[in-house]
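One structure is given here, and the rest of the page talks about it.
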């Protein structure tokens with residue numbers, strides 16, 4: 001199943017590498033801010049972090065270390081390279097709704113804060 005409301009970007013360990021270190025699922029509406037959920041390698045979890053994602057998505061320094069993928073490929077890459085599964089479209093949308101409501105532009109507070 002393809003999902004026209006989300007785009008997916010995979011981030012590679014380095015130029016020429018096949019190892020995926022992170023994925024971003026995002027919506028970039030014509031009217032409104034970027035909405036993004038990303039795999040945070042340090043936290044080992046999916047987080048709503050549109051400001052952090054924008055820094056990665058729109059920085060030309062990462063051009064050789066990223067690739068645009070479809071939903072099915074993103075699911076396979078998450079399973080193969082990340083210790084996680086890609087959240088469902090419904091879960092991604094719930095994370096966006098909660099994160100936007102809470103103002104978590106750089107992700108939710110870390111546990112214990």
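Determine, yes or no, whether residue 78 is touching a helix residue (DSSP H, G or I) at 6+ places or on another chain (Cβ under 7 Å), at pLDDT 95 or above, buried (at least 18 other Cβ atoms within 10 Å of the Cβ) and not in a loop (DSSP other than H, G, I, E, B). For residue 78, the condition - touching a helix residue (DSSP H, G or I) at 6+ places or on another chain (Cβ under 7 Å), at pLDDT 95 or above, buried (at least 18 other Cβ atoms within 10 Å of the Cβ) and not in a loop (DSSP other than H, G, I, E, B) - is not met.
Residue-by-condition table, conditions (1) out of contact with any strand residue (DSSP E or B) (no Cβ under 9 Å at 6 or more places or on another chain); (2) in a strand (DSSP E or B); (3) loosely packed, with under 10 Cβ neighbours inside 10 Å:
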residue	(1), (2), (3)
17	yes, no, no
24	no, yes, no
30	yes, no, yes
54	no, no, no
91	no, no, no
96	no, no, no
100	no, no, no
109	yes, no, yes
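Here residue 83 does not fit the description of being without any contact (Cβ under 8 Å) to a residue 40 or more places away in the chain, in contact with a strand residue (DSSP E or B) (Cβ under 9 Å, 6 or more places away or on another chain) and over 15 Å from residue 9 (Cβ atoms). Could you please tell me which pairs satisfy a Cβ distance under 6 Å, a separation of 6+ or placement on different chains, a first residue in segment 5-20 that is farther than 15 Å from residue 76 by Cα, and a second residue that is outside any strand (DSSP E or B)? The qualifying pairs are 13/19; 15/64; 15/65.
The values are calculated or read from the model by the stated rules, or taken from the named source; none is laboratory data. Computed from a prediction, not measured in an experiment: that's the story for all the values here. Glycine also receives a Cβ, built like all others from the backbone with ideal geometry; neighbour counts cover every protein chain displayed.
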